[in-house]
Amino acid sequence: MLGDRLFSLVGPESPIRIASACESKVEDFDTLTSLYKKIYHFLLLRCTSPRGEAKPPKDMAVEREVAAALESVFPRVGLRSFVALTGAEKAAQLQELTGIVLGIRLFNMHQKKGGAGLPPVDAKPENDQLLQQLTKESEEVSELCQDFADLLVTYSMRSKTESIDEKEVQRWQCDLLYHRQYLCYLLNLQEDVAQSLEKLRKGQAQLKEELMDLDALVGGRVSVPKEQVYPRFDALARCYRSAWREVQLLEARTKLHSVLKELRQRYFPAITQSGKALLSKSGRREGEPLLDENREDPVDLDSIPGPEAQDPSTAVRLTVENYEGFLNLALDFQGFCVQTLVSRKGLLVPGNPALGVVRYAGRYCVFATERAMAEFCSEPDRFFAGVREACYKQPELIHLLRVHEDFPRSSLQAILEMMAGQQSVMLADVASETPLHFQDSYIDKSYEWNEWRLRQDALHVADIRRKTTSTTQTALSHLRRENETQVYLPKEAATNTTASRGTNPPRLKKYFTGLRGEPRPMQVAECRYDL
């Protein structure tokens, strides 16, 4: 039946499949009634959740509200015209019908006359608190990363009289890398939460505006032209679903932040006492990095070519003045200074975009100091190779710097396949040969049909069973060594003459006569052929 086919196709993405299942020539009353019921069940599943997911309702008020909205928008009389449409038109009409019914339910909820089961999309105060916590925590971790970076710079500029354990210095580098990763997660989560809150507020404003327009349009009137009110209901449903999507994203990101908090409670290294003592000797000023104090002579950045350079193998410096899309550039290496990373053995320091962005080999890099930018522009390939070498030594840099294109097997999908035990498919050159004449597999090659041969084999087996194997050990052969001798075989010699000659002997043939026919003496005729 058509109704059973529609019921099996109901799902979150079923309008196209339902439309394709509708026959174009349906005139039976029972079939049309069954089709209308299945459309009602479809709307009942799609209009009870904010995102239109297939979720059966648990309240009878929802069923009554959906039935009333369907009867007002799509009465039974319109079934014949619906069936006559094409598949794409049916799918579009079902999708539009879903939005209109959901919009009617939202308007009823605004009028406090319905909307059972539809959750509100108001911004919770916990979301603003989450954004404030992320901002505060990111500032704390950023300051801690700056302290670790200054500590490593101070260690590189220390006097030779000070002795510091190399293992402790490596521990500082690992802690700095760990905090940079944690800070990267925090900043990404903070940006996502801020965007979701902004979209949610815009969605709430649009939703409120649509409800006010519907109030002004409908008012206290009993009937309104459908050409005016149906698009409003559909737009109201779209605004509601968009806002609810952001609400769910905020809930997911709140859970993500709780995971980060648990991770911080388990392990969050701080600067040791020896590190604090070394850092106190640096004489740094608060908020100023120590890298600028190590330069000797000023660097002229204007000597670096600008975007007008024609040579593609030349590093180009982009600034706000000479490049229009400067503010929209996607920085590579997560915005860290490549020169500092290579020259200072894995020191992670964020670059300063105010100095400009260097474009080379399709990548956009920023640097912490002017000297770092000048050194990179002189040998960019060496620094890119140094970044790859640093990633080989510390694989966690691959994901932090986002250089997955240089390490294809380090992607998340490859790592999950490796953890699941799924090895990549190994390719090899193989060949197969098909026999010309196929041989049946049931044929027994050891089968023997000759009974005399079978008798001989039986006698041979019986004779073997009557025999015994005996050995004799003499005094001379007892524990005698087995000697082996290797000789040099004579070489194969060949002689080639200047001329090739051969001899063809004569061929003799004998023919007999008188063997058949009337009796006569037999005669032999010998013939000699010289070929």
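Exactly one residue among K199, K226 is modelled with pLDDT of 90 or more and closer than 30 Å to R105 by Cβ, and that residue is K199.
Conditions (1) assigned by TED's automatic domain parsing to the domain that holds I100; (2) assigned to a helix (DSSP H, G or I); (3) under 28 Å from L130 (Cα atoms); (4) not aromatic (F, W, Y), marked per residue:
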{"site": "Q195", "(1), (2), (3), (4)": "no, yes, yes, yes"}
{"site": "Q204", "(1), (2), (3), (4)": "no, yes, yes, yes"}
{"site": "D213", "(1), (2), (3), (4)": "no, yes, no, yes"}
{"site": "V224", "(1), (2), (3), (4)": "no, no, no, yes"}
{"site": "Y240", "(1), (2), (3), (4)": "no, yes, yes, no"}
{"site": "A243", "(1), (2), (3), (4)": "no, yes, yes, yes"}
{"site": "L263", "(1), (2), (3), (4)": "no, yes, yes, yes"}
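Only residues that are among the basic types (K, R) and either assigned to a strand (DSSP E or B) or crowded, with 23+ Cβ neighbours inside 10 Å (or both) were counted in region 333-370, giving 2.
Looking across region 295-325 at every residue that is hydroxyl-bearing (S, T, Y) and modelled with pLDDT of 85 or more, the one that is farthest from T340 (Cα to Cα) is identified as Y323. Scanning region 496-515 for residues that are modelled with pLDDT of 85 or more and of a type in the set (K, R) turns up R507, K509, K510. Listed by first and then second residue, the pairs linking a residue in region 385-396 that is surrounded by 12 or more Cβ atoms within 10 Å (Cβ to Cβ) to a residue that is part of a loop (DSSP other than H, G, I, E, B), with Cβ atoms under 6 Å apart and 6 or more places separating them unless they lie on different chains, are A390/G346. What do you reckon, is D381 within 22 Å of S313 (Cα to Cα), within 22 Å of the chain's Cα centre (by Cα) and of a type outside the set (A, V, I, L, M, F, W, C)? So D381 does not fit the description; no. Please verify whether R232 is of a type in the set (K, R), part of a helix (DSSP H, G or I) and either modelled with pLDDT under 90 or not assigned by TED's automatic domain parsing to the domain that holds L131 (or both), treating the condition exactly as stated. Yes, satisfied.
Here's the yes/no breakdown for (1) of a type in the set (D, E, K, R); (2) assigned to a loop (DSSP other than H, G, I, E, B); (3) surrounded by 10 or more Cβ atoms within 10 Å (Cβ to Cβ); (4) at pLDDT 75 or above:
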| residue | (1), (2), (3), (4) |
| --- | --- |
| V425 | no, yes, no, no |
| S432 | no, yes, no, yes |
| S441 | no, yes, no, yes |
| D444 | yes, yes, no, yes |
| K467 | yes, yes, no, yes |
| T474 | no, yes, no, no |
| E484 | yes, yes, no, no |
| G517 | no, yes, no, yes |
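Give the residues of region 111-129 that are touching a helix residue (DSSP H, G or I) at 6+ places or on another chain (Cβ under 6 Å) and in a helix (DSSP H, G or I), sorted by residue number. Of everything in region 111-129, just one residue is touching a helix residue (DSSP H, G or I) at 6+ places or on another chain (Cβ under 6 Å) and in a helix (DSSP H, G or I), namely N127. For first residues located in region 305-322 and touching a residue at least 60 places away in the same chain (Cβ under 8 Å), partners that are hydrophobic (A, V, I, L, M, F, W, C) and in a loop (DSSP other than H, G, I, E, B) and lie 6+ apart or on another chain with Cβ distances below 6 Å form the pairs R317/I304.
Remark: pairs (first residue in region 178-205, crowded, with 20+ Cβ neighbours inside 10 Å; second residue not in a helix (DSSP H, G or I); Cβ separation under 6 Å; 6+ apart in sequence or on different chains) = R180/L348; L200/A123.
The values are calculated or read from the model by the stated rules, or taken from the named source; none is laboratory data. Source: prediction; values computed, not measured. No Cβ is skipped: glycine too gets one built from the backbone with ideal geometry, and neighbour counts run over all protein chains shown.
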